[in-house]
1. Any residue at all in the range 15-38 that's among the basic types (Lys, Arg), at pLDDT 95 or above and not in a helix (DSSP H, G or I)?
2. Of 57, 64, which residue is surrounded by 15 or more Cβ atoms within 10 Å (Cβ to Cβ), over 13 Å from the mean Cα position of the chain (by Cα) and closer than 26 Å to residue 12 by Cα?
3. Pick out the one residue from 83, 98 that is in contact (Cβ under 8 Å) with a residue 60 or more places away in the chain, charged (D, E, K, R) and at positive phi.
4. Do you know which residues across the range 103-150 are closer than 19 Å to residue 35 by Cβ, part of a strand (DSSP E or B) and not polar (S, T, N, Q)?
5. Would you point out the residue of the range 142-154, among those that are out of contact with any helix residue (DSSP H, G or I) (no Cβ under 7 Å at 6 or more places or on another chain) and modelled with pLDDT of 95 or more, that is nearest to residue 30 (Cα to Cα)?
6. Could you list, in sequence order, the residues of the range 103-134 that are polar (S, T, N, Q) and touching a Lys or Arg at 6+ places or on another chain (Cβ under 9 Å)?
7. Examine the range 113-122 for a residue that is closer than 20 Å to residue 53 by Cβ, out of contact with any helix residue (DSSP H, G or I) (no Cβ under 7 Å at 6 or more places or on another chain) and touching a residue at least 40 places away in the same chain (Cβ under 8 Å), and state whether such a residue exists.
Amino acid sequence: MIIREIKKEDNTKVKGIIQNSLKSLGLAIPGTAYFDPQLNDLHHYYTNLTHANYWVVEVEGEVVGGIGIAPFNEHEKVCELQKLYLSPKTQGQGLGKKLMETALSFASKHYTKCYLETTLDLKTACKLYEKFGFTLLNGPLPGSDHSAMNAWYLKDLK
């Protein structure tokens with residue numbers, strides 16, 4: 001298992017993992033990451049943002065998932081944890097935990113808070129976020145893009 005920064009050649013694989021995951025959950029709908037325009041070139045998107053990154057996890061040479069950190073509200077030093085997805089065959093193996101550790105370590109060097117949006121239907125993901133100290137909010141932070149989400153979390157990084 002290797003966690004590394006996304007490369008241009010990973011774009012198609014990561015997009016497939018994200019969209020297949022959302023489709024399998026009935027979430028291939030507007031207001032989710034399924035339709036994010038940056039999915040076509042995540043490498044370019046994250047490379048061109050300040051204090052942002054996307055990491056992929058490889059198992060036996062195959063990209064099986066990833067996670068991103070991007071600015072959400074730079075004025076208030078808030079980042080957003082984005083697009084944590086794993087191939088179904090690798091779920092439950094601790095890879096999400098390792099991706100979270102990588103992303104949050106990076107985020108803590110540049111931000112004071114980390115925000116994320118998800119759906120309560122993703123019970124395993126919500127448990128993971130809570131295990132990492134994220135607190136469920138009553139609603140989204142101003143500037144939220146994913147209108148189909150119904151769970152919003154915030155974590156202090158400092």
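1. Among the residues of the range 15-38, not one is among the basic types (Lys, Arg), at pLDDT 95 or above and not in a helix (DSSP H, G or I), which makes the answer no.
2. One residue alone meets the criteria, 64.
3. Details: 98 fails: at positive phi.
Only one candidate passes the filter, namely 83.
4. Step one: filter the range 103-150 for residues closer than 19 Å to residue 35 by Cβ, giving 116-119, 121-122, 140, 143-150.
After this cut, where a residue has to be part of a strand (DSSP E or B) as well, the list is 116-118.
Those that are closer than 19 Å to residue 35 by Cβ, part of a strand (DSSP E or B) and not polar (S, T, N, Q): 116, 117.
5. 152
6. 108, 112 - these are the residues of the range 103-134 that are polar (S, T, N, Q) and touching a Lys or Arg at 6+ places or on another chain (Cβ under 9 Å).
7. Yes, some residue in the range 113-122 is closer than 20 Å to residue 53 by Cβ, out of contact with any helix residue (DSSP H, G or I) (no Cβ under 7 Å at 6 or more places or on another chain) and touching a residue at least 40 places away in the same chain (Cβ under 8 Å).
Residues checked against (1) touching a Ser or Thr at 6+ places or on another chain (Cβ under 6 Å); (2) modelled with pLDDT of 95 or more; (3) within 19 Å of residue 145 (Cβ to Cβ); (4) small (Gly, Ala, Ser):
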| position | (1), (2), (3), (4) |
| --- | --- |
| 77 | yes, yes, no, no |
| 90 | no, no, no, no |
| 95 | no, yes, no, no |
| 98 | no, yes, no, no |
| 106 | no, yes, no, no |
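The values are calculated or read from the model by the stated rules, or taken from the named source; none is laboratory data. For clarity, every value in this text was computed on a predicted model and none was experimentally measured. Every residue, glycine as well, gets a Cβ built from its backbone with ideal geometry; the counts of neighbours run over all protein chains shown.
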